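Just below is one structure, and these are the notes that go with it.
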Amino acid sequence: MAGVHRFTAARLSAAYAARELSPVEVARQAIARIEAWEPRINAMYRIDREGALAAAGAAEARWRAGRPLSPLDGVPLTIKENIATRGDPAPIGTRANEDAPPQTADAPPASRAREAGCVILGKTTMPDYGMLSSGLSSLHGVTRNPWRTDRNSSGSSSGAAAAAVAGYAPLHIGTDIGGSVRLPATHCGIFALKPSFGRVPILPPYMGRVAGPMTRTVEDAALLMNVLARPDVRDFTCLPEDERDLAEDLEVLAPRLVRVGFLADMGVGLPVHPEVRAAAEAAARALAGAGCTVESIRSFLTEEMLEGMCRFFEARSHHDLMQLPPARRARVLPFVAEWCSWRAQSFTGRDVMQAYAQVMAMREAAVAATLPYDFILSPTSPILPYEAELPAPGNDPRDALPHIAFTVPYNMSEQPAASINWAASADGLPIGIQVAGRRFDDQGVLRMCRLIEMLRPAQRAWPD
């Protein structure tokens, strides 16, 4: 059957159950799709052709026997390079680790995917250490936006977002510590959920760091969350098991009972592009028209909070950089090395603790701003996709993260937040909006995004 790359995971699952499609044929078509697109977008670090076909064959046998491991058995999936998969190196996007040894075990997200029978096609690209919202890596090169290859995919889950647009697979797993699934989602026009902290076990756990689904549809993300959101003793921060089916009753939200705080401008960082603001305002009007109570709110973020967050990230990355021997340190992308060293090399313990205090103040402010509302609606990024070859918008290593003001607060506050495409710019570039919910209400965020998915304007056809 032709055109399988357009199928959602939900549709593939139904086709497998009805014996209308073969997981092996789907895997073969996915590999062919990757081979056709990779010279243009460079989204993959490793492609596991033999492993994928073997996994697809096993899934096909299980479906024929009526014993699939899960609804996603046999569905193709990619995993971000920094999520350990057995037998694959995890160089974390940098030439400094280009000789990294193969991993001996799967990290929790990869374990859950295999247990569900997902067909892992390979690993997707990311920038050095995942600390850039960009598709540029000293190891992988430039990952490009499939909508327009002179534009950035954003990052750090750059390859996952580009792969989703190009139709490599319906399911992709990324990671997010400041916006790294949501920023690529808005710039590539896909859906991505940053789950509540601890909802999806990850290794190693770290403050604000999560793994989450990146897909073309909300339903597919919910199906993947059903697989990923299972406790794992290796992550000491993981939440207790929640046995609810997140894909069930996605459309039960009653708009008249929903209170939305609309945050059009964070007031710090980069100014909001007029087309981005217009898209967010259109989404707010649509929700109000559907019956939601929508109220404009003021920013809860201050310059001091964002600056403290930036300083904390710099201190963390400078520590990682200085752990490397000089020869390996010299292989790190120069932009990243300067970004994390120009002032962090002189930080005192007091400087770091002052930065941390601002991070905690940002966390408190984000939770407080959400309390009167069920959800906060905002732009995901203040800007449109920028030049593909740049490591950050503005290309200034001493001001590398001015575009994360809408996303990073929810990492530190541990709240679920998602990006969903709303419209396209005059130049045809995607514009996403962000939905943030109360802590632990991942199901609510998915349901709200499904409502937006039904309300939004007609979407452009995916690029072929």
## Note on the structure
Note on region 213-227: residues of a type in the set (A, V, I, L, M, F, W, C) and in a strand (DSSP E or B) are Met214
### Message
Looking at Arg311, Arg329, Arg277 in this structure, which one is open to solvent by 50 Å² or more (accessible area, probe 1.4 Å), at pLDDT 95 or above, under 25 Å from the mean Cα position of the chain (by Cα) and under 21 Å from Pro397 (Cα atoms)?
### Response
Arg311
### Query
Given the conditions (1) surrounded by fewer than 19 Cβ atoms within 10 Å (Cβ to Cβ); (2) farther than 19 Å from Ala365 by Cα, and given that Arg298 satisfies all but one, which numbered condition is not satisfied?
(2)
### Any chance Leu306 is outside any loop (DSSP other than H, G, I, E, B), more than 28 Å from Leu455 (Cβ to Cβ) and either in contact with a Lys or Arg (Cβ under 7 Å, 6 or more places away or on another chain) or modelled with pLDDT under 95 (or both)
no
### Of the criteria (1) surrounded by fewer than 23 Cβ atoms within 10 Å (Cβ to Cβ); (2) touching a Pro at 6+ places or on another chain (Cβ under 7 Å), which one Trp339 fails
(1)
### Task
Only residues that are touching a strand residue (DSSP E or B) at 6+ places or on another chain (Cβ under 7 Å) and without any contact (Cβ under 8 Å) to a residue 24 or more places away in the chain: list them for region 91-103, please.
Gln103
### Query
So how many residues does region 301-351 have that are of a type in the set (Phe, Trp, Tyr) and touching a helix residue (DSSP H, G or I) at 6+ places or on another chain (Cβ under 6 Å)?
2
### Task
Confirm whether Asp99 is open to solvent by 30 Å² or more (accessible area, probe 1.4 Å) and out of contact with any Asp or Glu (no Cβ under 7 Å at 6 or more places or on another chain).
yes
### Query
Quick one: how many residues across region 205-237 are more than 17 Å from the chain's Cα centre (by Cα) and not aliphatic (A, V, I, L, M)?
7
### Query
When only residues in region 347-382 that are polar (S, T, N, Q) and outside any helix (DSSP H, G or I) count, which is most open to solvent (accessible area, probe 1.4 Å)?
Thr348
### Message
Let me confirm something: among Pro397, Pro402, which residue is out of contact with any Phe, Trp or Tyr (no Cβ under 9 Å at 6 or more places or on another chain), surrounded by fewer than 21 Cβ atoms within 10 Å (Cβ to Cβ) and not in a helix (DSSP H, G or I)?
### Response
Pro402
### Message
Any residue that is open to solvent by 10 Å² or more (accessible area, probe 1.4 Å), within 20 Å of Ala185 (Cβ to Cβ) and in a loop (DSSP other than H, G, I, E, B) - is there at least one of those in region 230-242?
### Response
no
### Query
Is it the case that region 279-293 has a residue that's touching a residue at least 60 places away in the same chain (Cβ under 8 Å), charged (D, E, K, R), out of contact with any strand residue (DSSP E or B) (no Cβ under 6 Å at 6 or more places or on another chain) and within 20 Å of His187 (Cβ to Cβ)?
no
### Task
Please verify whether region 254-262 includes one or more residues that are open to solvent by 30 Å² or more (accessible area, probe 1.4 Å) and either assigned to a loop (DSSP other than H, G, I, E, B) or under 25 Å from Ser156 (Cβ atoms) (or both).
no
### Query
Just a yes or no: is a residue in region 150-170 among the β-branched types (Val, Ile, Thr) and either open to solvent by 10 Å² or more (accessible area, probe 1.4 Å) or touching a strand residue (DSSP E or B) at 6+ places or on another chain (Cβ under 7 Å) (or both)?
no
### Query
Within region 28-61, restricting attention to residues that are of a type in the set (D, E, K, R) and out of contact with any Gly (no Cβ under 7 Å at 6 or more places or on another chain), which residue is least open to solvent (accessible area, probe 1.4 Å)?
Glu38
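Among the residues of region 396-413, is any over 18 Å from Lys194 (Cα atoms) and of a type in the set (A, V, I, L, M)?
yes
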### Task
May I ask you to say which residue of Gln415, Gln434 is within 19 Å of Ile177 (Cα to Cα), open to solvent by less than 30 Å² (accessible area, probe 1.4 Å) and assigned to a loop (DSSP other than H, G, I, E, B)?
Gln415
### Task
Among the residues of region 190-208, write down those that are open to solvent by less than 10 Å² (accessible area, probe 1.4 Å) and not aliphatic (A, V, I, L, M).
Phe191, Lys194, Pro195, Ser196, Gly198, Pro201, Gly208
### Query
When you go through (1) among the hydroxyl-bearing types (Ser, Thr, Tyr); (2) open to solvent by 10 Å² or more (accessible area, probe 1.4 Å); (3) under 22 Å from the mean Cα position of the chain (by Cα) one by one for Ser70, which number turns out not to apply?
(3)
### Summary
Filtering region 209-224 down to residues that are crowded, with 24+ Cβ neighbours inside 10 Å and not charged (D, E, K, R) yields Val210, Ala211, Gly212, Pro213, Met214, Thr215, Val218, Ala221, Ala222, Leu223, Leu224
### Query
Among the residues of region 115-122, is any surrounded by 23 or more Cβ atoms within 10 Å (Cβ to Cβ), over 26 Å from Gly3 (Cα atoms), touching a Leu at 6+ places or on another chain (Cβ under 8 Å) and not basic (Lys, Arg)?
no
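The values are calculated or read from the model by the stated rules, or taken from the named source; none is laboratory data. Everything quoted here is computed from the prediction, not taken from an experiment. Every residue, glycine among them, receives a Cβ derived from its backbone with ideal geometry; neighbour counts consider all protein chains shown. We work out accessible area using only protein heavy atoms, side chains counted, and drop any ligands, DNA or RNA first. Shrake-Rupley method; radii C 1.70, N 1.55, O 1.52, S 1.80 Å.
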